[in-house]
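Note sheet for the following structure.
The values are calculated or read from the model by the stated rules, or taken from the named source; none is laboratory data. Values in this document were obtained by computation on a predicted structure and should not be read as measured data. Here the Cβ is made from the backbone with ideal geometry for all residues, glycine too, and neighbour counts use every protein chain on show.
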Amino acid sequence: MESREELRGFREAVLAERDPEQKWIALCAGTGCLACGCRDVADAFREALGKHGVHEQVLLKETGCPGFCEQGPLAVIHPEGILYVKLTPEDADRIVEETIVNGRVVQDRLYIDPATKERIAKEREVPFYARQTRWVTQLNGLIDPRSVSDYIAAGGYEAMAKALYEMEPEQVIEEVKRSGLRGRGGGGFATGRKWQSCRHAPGEPKYVICNADEGDPGAFMDRAVLEGNPHSVIEGMIIGAYAIGSHEGYVYVRNEYPLALENLTIAIQQCRGHGLLGDNILGTGFAFDLKINRGGGAFVCGESTALMASIEGKVGEPRAKYVHTVERGLHDKPTNLNNVETWANVPLIIEKGADWFAAVGTEHSKGTKVFSLVGNINNTGLIEVPMGITLREIMFDIGGGVPGGKAFKAVQTGGPSGGTIIIDTSGAAVHAGLVDEHERGPALLPESLIDLPVDFDSLTEAGSMMGSGGMIVMDETTCMVDVARYFINFLREESCGKCTPCREGIRNMLTILDNICEGRGREGDVELLEEMAEAIMETSLCALGGTAPNPVLSTIRYFRSEYDAHIRDKRCPAGVCTALITFSIDPDKCTGCGACAKVCPENCITGEAKQPHTLDQTNCVKCGSCFDVCKFDAVQKS
């Protein structure tokens with residue numbers, strides 16, 4: 001395509017060939033559903049369509065992740081919008097016969113609302129989706145990510161054409177500035193201001209980079225966007241490159257994302273073949289091309305300077321922050337780095353205008369935010385919500401609450417070195433208030449403050465942070481000392497080792513936490529952890545070390561009693577730390593069924609049939625198998 005008119009002509013030709021009333025099946029083929037067997041379901045659908053003689057009338061489209069990962073594999077029958085969940089290959093024939101051929105709904109494969117126990121047929125009426133505002137992820141589940149025709153038919157690359165044909169670079173930057181778009185990678189810096197700084201920085205060439213090195217535990221937002229709609233990211237990068245004056249870009253993707261890499265590679269090749277990347281984009285004379293750089297999975301390479309060092313073929317280590325990458329970044333040239341979600345927002349802003357984008361959100365946090373919602377939550381998955389939504393709405397209206405009716409204890413935001421937002425659901429009065437700006441660690445939010453808005457500034461004022469968008473929910477059975485140990489161990493493994501405070505400090509903190517969890521904790525350990533944390537924060541080279549102690553400080557601040565129980569009483573209140581757990585059998589509850597004895601690997605449990613059993617503590621390895629199989633609550637854990 002050599003002009004804007006050809007792009008529009010191509011779109012019109014594609015749409016002319018499509019019947020809006022045609023029945024088609026959108027089957028999720030994202031990583032989560034692939035792991036659950038969606039390929040077999042796809043094969044079964046194709047076989048069923050052929051068997052019933054409708055394979056030429058009904059299209060089966062394998063899409064990206066629509067977000068409801070807890071219910072996968074899932075499919076939506078269009079144009080009716082009927083959602084079927086937890087599919088198996090055996091379901092395909094029934095769905096084709098009943099729904100496609102005869103227009104009837106297969107009731108037992110519909111989503112069941114746990115609150116009302118009602119089956120919901122329409123995808124848009126499922127509470128998980130109904131309470132979202134899907135902009136960046138709106139085409140996930142609707143287009144084939146490997147089809148540039150699908151993306152163009154949905155309006156793709158029209159924003160790019162508008163920028164190239166109707167706007168000067170400075171106008172593009174001004175529009176992004178007016179929109180209020182802030183970086184979605186965690187820092188929340190104003191995107192337009194960053195672009196402007198890079199454009200005005202002396203030096204050529206200028207580079208643009210997409211950071212898709214998503215390393216936070218429980219985070220998969222960027223992966224899902226690249227898998228489901230890679231063209232939105234490419235289009236955003238072309239617009240950004242035009243605004244900045246760049247002709248060369250990189251997408252830095254972790255190699256552990258094979259499907260994202262595959263779909264992105266196909267998308268870039270398609271763009272080159274259609275004149276959307278290369279020397280003369282749409283005949284405008286503007287030249288821009290993209291390269292993919294595969295990351296080796298180092299968490300520290302999510303940091304801008306470490307990422308750029310990795311692209312240069314060097315060890316992925318950060319450098320001092322006194323030189324900004326917009327001035328001296330990749331190859332010591334002006335470089336603009338944004339993450340996947342930030343780039344994917346750009347076409348929406350240019351197409352629909354800054355005012356449209358800024359109309360959603362809060363005063364200083366505009367638009368929507370994509371989160372991965374995981375952990376002790378009923379509806380795990382990928383969500384996109386307007387800035388300013390409350391934690392209550394996310395956790396309970398969209399997330400469906402905590403499984404088993406257990407108490408909501410904490411949610412980890414901002415990645416392993418971010419913050420932990422604590423919700424007191426006991427009803428006890430908590431008067432901690434908001435954390436002062438100079439204090440570190442997250443805020444203790446009592447139940448009365450569960451309606452705190454989720455946006456950059458509100459979370460920062462509460463002592464937490466937005467981060468890239470991972471949310472790990474924890475319930476009352478979570479040991480907060482063990483949580484601190486988990487994240488510190490993660491950061492120990494991911495530290496690049498360049499600076500001593502981070503390398504040695506995190507390792508020594510982990511040793512102390514190991515001792516506490518294994519019953520070797522001593523008085524003074526907590527104070528030592530706090531002292532070490534302050535030293536690591538103040539002297540580490542980059543943000544990894546500078547924020548690494550946050551999980552420890554936050555759990556000490558708001559769960560000090562759990563540390564004291566581990567150290568003084570040699571007891572884990574949550575019953576998680578194996579070395580501090582004792583299993584026993586309550587003779588009044590034991591029915592003598594023998595289930596516990598059958599699974600005990602050390603034969604510690606003895607007793608006659610239908611008589612109370614006993615557990616010999618001498619050889620017990622505390623595996624917990626007996627506790628798991630007992631149906632009468634006779635096996636006690638203390």
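Of note:
- Criterion: of a type in the set (A, V, I, L, M), in contact (Cβ under 8 Å) with a residue 40 or more places away in the chain and in contact with a Lys or Arg (Cβ under 6 Å, 6 or more places away or on another chain) - qualifying residue of Ile281, Ile244, Ile234: Ile244
- Check on Ala298, closer than 25 Å to Val370 by Cα and out of contact with any Pro (no Cβ under 9 Å at 6 or more places or on another chain): yes
- Test set (1) of a type outside the set (Asp, Glu); (2) surrounded by fewer than 23 Cβ atoms within 10 Å (Cβ to Cβ); (3) in contact with a strand residue (DSSP E or B) (Cβ under 7 Å, 6 or more places away or on another chain) - Arg104 fails condition number: (3)
- For Ile311, the stated conditions do not hold, so it cannot be described as of a type in the set (Val, Ile, Thr), surrounded by fewer than 20 Cβ atoms within 10 Å (Cβ to Cβ) and over 20 Å from Ala163 (Cβ atoms).
- Among the residues of region 305-333, just one is in a helix (DSSP H, G or I), of a type in the set (Ser, Thr, Tyr) and either at pLDDT 95 or above or within 17 Å of Glu248 (Cβ to Cβ) (or both), namely Ser310.
- Cross-chain or 6+ apart pairs with Cβ under 6 Å, region 1-20 first and under 11 Å from Glu158 (Cα atoms) and not assigned by TED's automatic domain parsing to the domain that holds Leu276, then part of a helix (DSSP H, G or I) and of a type in the set (Phe, Trp, Tyr): Arg4/Tyr165
- Just one of the listed residues (Glu303, Glu235, Glu204) is farther than 28 Å from Glu5 by Cβ, acidic (Asp, Glu) and touching a helix residue (DSSP H, G or I) at 6+ places or on another chain (Cβ under 8 Å), namely Glu303.
- Per the listing Gly594, Gly546, Gly575, Gly607, the residue uniquely surrounded by fewer than 22 Cβ atoms within 10 Å (Cβ to Cβ), among the small types (Gly, Ala, Ser) and touching a Lys or Arg at 6+ places or on another chain (Cβ under 6 Å) is Gly575.
- Any hit, region 254-261, residues being part of a helix (DSSP H, G or I) and farther than 30 Å from Lys162 by Cβ: yes
- Unmet criterion (only one of (1) of a type outside the set (Asp, Glu); (2) farther than 30 Å from Leu491 by Cα; (3) surrounded by 15 or more Cβ atoms within 10 Å (Cβ to Cβ)) for Gln617: (3)
- The residues of region 601-618 that are assigned to a loop (DSSP other than H, G, I, E, B) and closer than 30 Å to Leu513 by Cβ, listed by number, are Pro601, Glu602, Cys604, Gln617, Thr618.
- Which numbered condition Leu513 misses (of (1) without any contact (Cβ under 8 Å) to a residue 40 or more places away in the chain; (2) surrounded by fewer than 19 Cβ atoms within 10 Å (Cβ to Cβ); (3) under 24 Å from Asp564 (Cα atoms)): (2)
- Restricting Lys122, Lys61 to residues that are more than 24 Å from the chain's Cα centre (by Cα) and touching a residue at least 60 places away in the same chain (Cβ under 8 Å) narrows the list to Lys61.
- Residues being hydroxyl-bearing (Ser, Thr, Tyr) and surrounded by 22 or more Cβ atoms within 10 Å (Cβ to Cβ) - total across region 188-209: 2
- His566 passes every criterion in (1) modelled with pLDDT of 95 or more; (2) touching a Lys or Arg at 6+ places or on another chain (Cβ under 7 Å); (3) not hydrophobic (A, V, I, L, M, F, W, C) apart from (2).
- For region 516-529, the criterion of a residue being within 30 Å of Ala306 (Cβ to Cβ) and charged (D, E, K, R) is satisfied by no position.
- Residues of region 451-491 that are in contact with a Leu (Cβ under 8 Å, 6 or more places away or on another chain) and surrounded by fewer than 19 Cβ atoms within 10 Å (Cβ to Cβ): Asp451, Glu461, Asn489.
- On inspection, Glu170 passes the criterion of being out of contact with any Lys or Arg (no Cβ under 7 Å at 6 or more places or on another chain) and over 15 Å from Leu348 (Cα atoms).
- Any strands (runs of 3 or more DSSP E) falling wholly within region 348-435 and containing at least 3 residues that are modelled with pLDDT under 90: 408-413, 419-424
- Enumeration of residues in region 155-190 that are more than 26 Å from Ser372 (Cβ to Cβ) and either assigned by TED's automatic domain parsing to the domain that holds Pro386 or among the polar types (S, T, N, Q) (or both): Gln171
- Where helices (runs of 4 or more DSSP H) sit wholly within region 484-587, those with at least 3 residues that are aliphatic (A, V, I, L, M) occupy 500-517, 525-539, 550-558.
- Exactly one residue out of Glu562, Glu530 is surrounded by fewer than 21 Cβ atoms within 10 Å (Cβ to Cβ) and not assigned by TED's automatic domain parsing to the domain that holds Phe632: that is Glu530.
- Given (1) in a helix (DSSP H, G or I); (2) buried (at least 20 other Cβ atoms within 10 Å of the Cβ), index of the condition Glu170 fails: (2)
- For Thr342, the conditions (1) outside any loop (DSSP other than H, G, I, E, B); (2) more than 27 Å from Lys369 (Cβ to Cβ); (3) not aliphatic (A, V, I, L, M) are fulfilled apart from (2).
- Ile268 being surrounded by fewer than 18 Cβ atoms within 10 Å (Cβ to Cβ) and closer than 21 Å to Leu330 by Cβ: no
- Residue in region 3-19 that is touching a Gly at 6+ places or on another chain (Cβ under 7 Å) and outside any helix (DSSP H, G or I) present: yes
- Of all residues making up region 589-638, the number that are within 22 Å of Arg571 (Cα to Cα), among the β-branched types (Val, Ile, Thr) and within 39 Å of the chain's Cα centre (by Cα): 2
- Qualifying residue in region 263-278 (condition: in a helix (DSSP H, G or I), closer than 17 Å to Asn338 by Cα and aliphatic (A, V, I, L, M)): yes
- Tabulated pairs, region 313-337, first closer than 14 Å to Gly302 by Cα, second surrounded by fewer than 17 Cβ atoms within 10 Å (Cβ to Cβ) and not charged (D, E, K, R), C-beta under 8 angstrom, 6+ apart or interchain: Gly316/Gly296
- Some residue of region 157-175 being more than 28 Å from Trp195 (Cβ to Cβ), touching a helix residue (DSSP H, G or I) at 6+ places or on another chain (Cβ under 6 Å) and touching a residue at least 12 places away in the same chain (Cβ under 8 Å): no
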